[in-house]
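Shown next, in structure tokens, is the structure this report addresses.
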Amino acid sequence: MTKESAATPSNPTNLPARYEVRRLTEKHIPWACAIVFHSMLYHSPIWPNVYPDDIFGRLGRCWETGDYLIRHQIESGHSFGVFDLDYEFKRKDSAPEGKLHWDFTGPALADEQLIDGMDFPLVSVALAYDRVNALDEAQMGPLIGCLPLVGFIYHVLEERDPRHGSWIPTQPKQVLSRNATATRHDASRRGLMRNLAEFLMRYAAEEGFKAVQIECFADSVHKVWMNPPAPFQANLISELNTGDHFEYKEIDGKVVSVCMFKEVKQYCSTVVVDLKPTETARS
């Protein structure tokens with residue numbers, strides 16, 4: 001365990017020895033931006049299919065407008081990442097800490113080139129912030145404009161939330177909001193997301209938070225958060241299936257109903273993990 005490791009005897013990461021969980025800082029913002037938006041646009045079960053045209057251009061627009069979302073969470077002090085201690089740099093100028101080699105001023109880069117350009121040891125992120133310090137809608141506007149149906153999903157999940165705002169925190173360390181789970185494609189299927197999620201649950205409990213709330217846009221994420229380690233308890237708050245949402249369009253002179261998400265049928269959910277179920281039961 002290095003001096004940078006966020007793991008503690010009471011909150012181990014349970015990861016293989018080559019990986020280490022560290023708290024993300026300002027210097028990691030560009031790397032986290034790259035991992036989050038690349039994962040969304042190229043490897044999400046939703047967005048590459050809903051927005052298949054000019055994905056590289058859309059990535060560039062998300063990159064330009066997404067700094068606030070990533071920065072707000074990293075500067076909160078509650079965001080963590082998995083670092084590969086055995087990572088080997090592909091380029092000499094990436095050492096000693098790592099470097100992002102993306103260029104949006106030249107020709108479009110393919111998926112493999114973008115992955116290759118992420119020449120740094122950060123491989124997975126879990127971004128979060130204290131929900132009492134909520135995201136500013138105005139500053140989020142430009143990013144949502146790049147992916148408008150992201151905003152639509154959040155809106156529907158919020159509308160279907162039976163708590164009707166009663167859960168909104170009134171002071172710090174009541175609800176930790178998890179917003180942005182992503183693992184680099186070249187490091188996927190290694191259990192990093194699950195281990196990082198469970199580490200964050202234990203971290204939040206030790207910090208005094210009562211609950212963690214997350215919106216899940218992928219089956220794997222929903223499964224992890226609906227099955228937290230003991231003694232935590234998961235609660236399904238609201239849900240939707242993208243295949244159930246339609247809009248009316250005129251095609252060849254006829255008004256027809258068209259699925260807003262094309263052929264994508266993805267289950268999405270809001271999950272709250274109760275970190276202090278015994279106290280909640282007594283209250």
With respect to ARG71, determine if the residue is out of contact with any Phe, Trp or Tyr (no Cβ under 8 Å at 6 or more places or on another chain) and either within 19 Å of ILE115 (Cα to Cα) or at pLDDT 95 or above (or both). yes
In the stretch 183-206, what residues are touching a helix residue (DSSP H, G or I) at 6+ places or on another chain (Cβ under 6 Å) and either closer than 19 Å to ASP130 by Cα or of a type in the set (D, E, K, R) (or both)? ARG184, ASP186, ARG194, ALA197
Determine if the stretch 59-81 includes at least one residue that is open to solvent by less than 20 Å² (accessible area, probe 1.4 Å), closer than 30 Å to GLU263 by Cα and among the aromatic types (Phe, Trp, Tyr). no
From the list GLY98, GLY77, exactly one residue is among the small types (Gly, Ala, Ser) and in contact with a Pro (Cβ under 6 Å, 6 or more places away or on another chain). Which is it? GLY98
Matching entry among LEU127, LEU135, LEU109, LEU85 (being of a type in the set (A, V, I, L, M) and crowded, with 21+ Cβ neighbours inside 10 Å): LEU127
If we scan the stretch 90-97, do we find a residue that is part of a loop (DSSP other than H, G, I, E, B), open to solvent by 40 Å² or more (accessible area, probe 1.4 Å), under 15 Å from THR25 (Cα atoms) and not basic (Lys, Arg)? yes
Return yes when SER238 is among the hydroxyl-bearing types (Ser, Thr, Tyr), in contact with a helix residue (DSSP H, G or I) (Cβ under 8 Å, 6 or more places away or on another chain) and over 20 Å from VAL82 (Cα atoms) and no when it is not. yes
Is it the case that HIS185 is open to solvent by 70 Å² or more (accessible area, probe 1.4 Å) and in contact with a His (Cβ under 6 Å, 6 or more places away or on another chain)? yes
Is it true that PHE104 is aromatic (Phe, Trp, Tyr) and open to solvent by less than 10 Å² (accessible area, probe 1.4 Å)? no
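Rundown of residues vs (1) within 19 Å of PHE37 (Cβ to Cβ); (2) in contact (Cβ under 8 Å) with a residue 60 or more places away in the chain, yes/no style:
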residue: ASP84; (1), (2): no, yes
residue: LYS92; (1), (2): no, no
residue: THR105; (1), (2): yes, no
residue: ASP119; (1), (2): yes, no
residue: TYR129; (1), (2): yes, no
residue: VAL132; (1), (2): no, no
residue: LEU143; (1), (2): yes, yes
residue: CYS146; (1), (2): yes, yes
residue: LEU149; (1), (2): yes, yes
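The values are calculated or read from the model by the stated rules, or taken from the named source; none is laboratory data. On a predicted model such as this, the values are computed, not experimentally measured, just so you know. FYI the Cβ positions are ideal-geometry reconstructions off the backbone, even for glycines, and counts take in every protein chain you see. Keep in mind that these areas ignore ligands, DNA and RNA; they rest on the heavy atoms of the full protein, side chains included. Shrake-Rupley method; radii C 1.70, N 1.55, O 1.52, S 1.80 Å.
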